[in-house]
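Please treat every number below as a calculation from the coordinates, not as lab data. Keep in mind that what you see is a predicted model, and the values were worked out from it rather than measured. We place every Cβ from the backbone using ideal geometry, glycine too, and count neighbours over all the protein chains shown.
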Amino acid sequence: MIRRILPFIKKEFTEILRDRLSITSLLLLPSILLFLYGYAISLDIKEIKISICDKERSEFSREFTDGLISSGYFRITARRESPNEIESDLRTSKSQVGIIFYPSVYKNFLRNNEPSVQILVDGSNAQSSQYTLNYLVGAIERFTQNAIKKELIRINTIQTPTEPLLTERILFNPLLKSPLYLIPGLIAFVIMITGAISTTISIVKEKENRTFEQVILCPVSPFTLIIGKIIPYFVISLVSSAIMILLSILFFDLPTKGSLLFLSYAVIIFLLCASGFGMLISTISSSQQVAFTIAAFSTLLPTIILSGFVFPINNMPEIIQLITYIVPAKYFIAILRGILLKGSSLSELYPETLSLTIFAVLIVSASIIRIKKKGII
Amino acid sequence: MEIISVKSLTKRFGNFTAVDNISFGLKPLTINGFLGPNGAGKTTTIKMICGLLRPDEGSIFIENIDVIENPEKAREKMGYMSQNFSLYPDLTARENILFFADLYKIKKSERDNRYAELTDELNLHEYQNTLTSDLPLGIRQRVALASAVIHHPVLLFLDEPTSGVDPISRMKFFDFIRKYINSHKATAIVSTHFLTEAAHCNEIFLFNRGKIILSGQPAEIIQNFRYNIFETKTSLLTGEIKNILNNSEGIIEFYIFGKRVRIITEEDIDIQQISVRTGIDISNISVVAPSFEDVFISLTND
Amino acid sequence: MWVIISFIKKELRQIKRDKRILPILVVAPVLQLLVLGYAATFDIKNIEFAVCDFDMSNSSRELIDNFTSSSYFILKYQTHSTTEIDTLLSSGRIKSALIIPKNFEKQLYTDRNTKVLFLTDGTEGTMANVSLMYARTILSRFINRYNTGQMYRVPAIRYELRIWYNPDLKSSNFMVPAIFALLLSIVAMLIPSMALVKEKETGTIEQLYVTPIKPYQIIFGKMSAFMLISIIDVVIVTTIAVLWFNVPLRGSLFDLVAAILLFLISTLGIATFFSTVTNTQQQAMMSVMFLFFLPSMLLSGFIFPVENIPLLVRWISYILPLTYFIDILRNLFLKGSTISELWIQYSMLSLIGIAIFIFSLLKFRKNID
């Protein structure tokens, strides 16, 4: 078996290595992509634009707006005279939040009557408005808390007021740096795309050019042929993934607390999923166009949306959560985050590792069975 | 009156000169054969005349149209069939042919008439609705031919139309072209590496290494052949024959196929001398008429 | 004109003949929108959460109740060991934890420095951020209630919240138009990029070159076929967005159609361009994929806000048609913005579309050398 495969691997390697451009791009492209996007994208909420209408400029309104600005999330883009202007700012997207302080807000506040503040939020960006709302509500609650404290001191009540009492600790990524939690997702995304698509195209291209027909006459099984075809790409992807992970550890300050052996295992298994998937697609496609269409639809968006990369899986409807079980990137991202950021060990991540391994075995055997039954042409 | 005239045509690909300063003129109502081995520059020349490739130097005129400047003007008159019988594999024979008819803006009624005619003449009836990817090469060739002539072009460019096709189909193919030329007052250029197909042409052009090394009417060329050809049967081993013939004077070239040896000699050498010089038994040697292979080989010898 | 029509007919026939491609091009976007439209949600609820209550008092129980009744947190484990909390967090079984020390209640009544510890997993940044905000708010409320219990007159900010355009803050209202745009770019940019170059690979392009068909006719013929398929997708997918996901379509249908057509022209233009400058389907598809599609996914504002992108990279966002298209769609659907309000986006789309088409026409000469 091995002896039969070797010539194919050699031929494939010679072909790939001869094409300088494609070998460099296969090796370096993943790292370039990771860097570009690793630096570029973030989910931080900052500089949410606020328009303010505050005629009175009371102590309350000043304190409140100062608090908002110093939080780092907001930027005041306009101070308006009338509530109408605030509304038009929202409509034309000049600001996302409008805050209107009504006159005598502080007095009303202490007397506890009349609405005193109106907050208008442009809800169309559901993402940032969630933050905004939560933040504003929290800010108001805290403001109240302070006011109550002052009031209690003023009226000198029976008991000394209790101080705020929350100690917060963010584990694993204390500064909540975007790259740290996005990089594992990006790595998975890049491996999936380059792995699955390069495998698919390399096989289907031979199918379409009918060069397979030539080779099939040789006394080897189609299975040997495919394996021989895939191993070189697999090896190259492995090398490029290693480079990519190494560079990201170095440049993005990933803590990398976990075991490197475990990490390598996860990468290999995930790559196996990707190439197995590519293999399966190429066995069912007749042309490059079909193969690529299937590959594009089944890897691009699902790997980003259904993997927990950005959208937390347990917020999805239950049926959709079930679908995420067949997205291998989901397990891989969980494992990567565990190893790179938390230093988790295999014993802590065994469900994900087991699922990923089962997935790899299933997808590779599915394509092998398909090849054995139907051949490759 | 020349329908196509080509002057000092040159085309280079990097360091390689594919077509090297060639000039020729073609008369109307003729089949012109571009003969020569693969890579001799036949296809490149045809592509330049069709306007598919831009020459580096030289001029091409079809009647009065400068093809290099106005390729579109000449297109309506041209029919082109490429050496890989470029058809859409996922369309049927019928769909392929009619598609090209549409590109030439042939009116529907006329288009259907021509289609019916062509399927008759080329015997395509039973293959009409088969995907061209499923057709054998010989049939694909006929479909490609039909696609190339559906708009009744008066200039036919057929690039290696017979490669990979069986001898009977090749014969039929030339019959069709001849009939077409006569009925449509057309002119054809056919490139081929089968030197035997020269016989089907009015005029042949022998290509070698980017140059035309000989041109003229086939009969004329054979007549003007200055050398003698002998054929002999021998039981000697190849090495021994080579040894003998290489050391004999007056022998231009020889080639061995099977047990027979074909010898091209200087004009003034006859059987007697051959026998003397080589020691081959005279009763075994015969004089044969020269073929185009002989012509070609004698010309490319040096 | 006749030539283009017959070319389109031929294209459609070829697409139809491949039994797989048409179903995929029509069914896949629909299925994906149905799944992804639900999946792409920023709502953060049901944060898995554990409690370590060393106090076991009424107050500590009340605080825990405040957490669990909020629908933000879902109580998964209750334990008395901090090491267990550590393992739960590092294995990812829970995302945050609340630790209430002994004497919590006693200190609450007597001492100024009562403490509870709130832990959260920073590996999923969004979740961590939001859970912190929730925790702070819940705690402030808890204290306020506790303190105001001793007062006869309670000061409070009466605030009125008004959320415009998307009052329920449904993520799907925000994400469905964007997913729609991205699916459309697969159908109208990635796949067509292989179309023209396929004729180069099979050699049929030479056959076309010798006919009187003009280069622009070949391009328009090819692209119109994909335009047709894209429009079918647009109709189905818009219907699903509006009727199934209830994304409000507040803008005018005319503006929507204009935006879609402009977007299709620019994406098909990009496809054409790469089809003309490459020689194999593989090259064409890889270039479009890495030079346009991936940037479109990550830099267009689809998920990651454009304002967060460093300026140097943001220039890439500005040349992607998707950046403008997503912006238009979101504003048009949710705010009912008009062309005059979004003229910058509309003109950028047109500009990109026209520029890229002119560029590819210039490139696509009849000569193949």
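Brief remarks follow.
- For chain C, calculated [θ]222 nm from helices alone, where every DSSP H run of n ≥ 4 adds -39500 (n - 2.57): -19000 deg cm²/dmol
- Look at A:Tyr325, B:Tyr104, A:Tyr233 and count the other Cβ atoms within 10 Å of each Cβ; fewest to most, that gives A:Tyr325, B:Tyr104, A:Tyr233.
- With a Förster radius of 25 Å applied to the C-beta separation of B:Lys185 and B:Ser109, the computed FRET efficiency comes to 0.60.
- Spatial extent of chain B: Rg and Dmax, with the Cα atoms as the point set, Å: 22.4, 72
- Rounded to the nearest 20 debye, dipole of the protein assembly as shown from Cβ charges on Lys, Arg, Asp, Glu: 1880
- Long-range lysine pairs (8 or more apart or interchain), the stretch A:48-154, Cα under 26 Å: 6
- Within the stretch A:48-154, the proportion of Cα pairs with more than 25 Å between them is 18 percent.
- Using a Gaussian network model of chain A in which every pair of alpha carbons under 10 angstrom is joined by a spring, one finds that among A:Ile16, A:Ile320, A:Ile227 the greatest mean-square fluctuation is at A:Ile320.
- Remark: spin-label model distance C:Phe254-A:Lys10 equals 7.1 nm, labels positioned 7 Å along the Cα→Cβ axis.
- Long-range Cα-Cα pairs in the protein assembly as shown (distance over 38 Å), rounded percent: 61
- The stretch C:183-201 and the stretch C:279-297: distance between their alpha carbon centers, rounded to Å: 10
- Per-residue [θ]222 nm for chain B (sum of -39500 (n - 2.57) over DSSP H runs n ≥ 4, rounded to 500): -10000 deg cm²/dmol
- MRE, 222 nm, helices only [DSSP H, n ≥ 4, -39500 (n - 2.57), over chain A, to nearest 500]: -21500 deg cm²/dmol
- Most mobile of B:Phe157, B:Phe34, B:Phe254 in a GNM of chain B (Cα contacts under 10 Å): B:Phe254
- Sorting C:170-183, B:88-101 by average packing, meaning the other beta carbons within 10 Å per residue, from highest down gives C:170-183, B:88-101.
- Cross-link partners for B:Lys27 among the aspartates and glutamates, with Cα-Cα distance under 18 Å and sequence neighbours closer than 8 places in the same chain left out: B:Glu2, B:Glu63, B:Asp66, B:Glu203, B:Glu220.
- Computed Kirkwood radius, in angstrom, where 1/r is averaged over Cα pairs of chain A: 24.8
- In chain B, taking the dipole from charged Cβ atoms about the Cα centre, the farthest positive-side position among B:Gly250, B:Phe176, B:Ser286 is held by B:Phe176.
- For B:Glu249, net neighbour charge (Lys/Arg +1, Asp/Glu -1) across residues whose Cβ lies under 10 Å away: 0
- Farthest positive-ward along chain C dipole, Cα basis, beta-carbon charges - from C:Met223, C:Met297, C:Thr123: C:Met223
- Sum of side-chain charges, B:Glu293 neighbourhood, beta-carbon under 13 Å (Lys, Arg +1; Asp, Glu -1): -3
- Long-range Cα-Cα pairs in the stretch C:216-264 (distance over 16 Å), rounded percent: 49
- A:Val290, B:Val19 arranged by Cβ crowding within 10 Å, fewest neighbours leading: A:Val290, B:Val19
- Both radii come from the Cα set of chain C: Rg as radius of gyration, Rh as Kirkwood radius; their ratio Rg/Rh reads 1.15.
- Inter-part distance where the stretch A:252-310 and the stretch A:1-42 are each reduced to a Cα centre, Å: 15
- Geometric extent, Cα atoms of the stretch C:1-83 - Rg, Dmax (angstrom): 28.3, 85
- Charge dipole (debye, nearest 20) of chain A; +1 at Cβ of Lys and Arg, -1 at Cβ of Asp and Glu: 1180
- Each residue, C:Ile236 and C:Asn103, gets one label point 7 Å from its Cα in the Cβ direction; the gap between the two is 6.8 nm.
- Computed from the alpha carbon atoms alone, the convex hull of the stretch C:47-144 holds 88 Å³ per residue.
- Taking chain B and dividing mean pair separation by its residue count, relative contact order in percent (alpha carbons under 8 Å, at least six apart): 20
- Anchor C:Lys102: lysines whose Cα lies under 22 Å away (excluding residues fewer than 8 positions away in-chain): C:Lys76, C:Lys115
- Dipole of the stretch B:4-216, positive end: most advanced residue of B:Thr45, B:Val6, B:Asn129 [Cβ charges, Cα centre]: B:Val6
- In terms of surrounding Cβ atoms within a 10 Å radius of their Cβ, B:Asp20, B:Asp134, A:Asp122 rank from fewest to most as B:Asp134, B:Asp20, A:Asp122.
- Largest mean-square fluctuation among C:Asp255, C:Asp86, C:Asp233, in a Gaussian network model of chain C whose springs join Cα atoms under 10 Å apart, belongs to C:Asp86.
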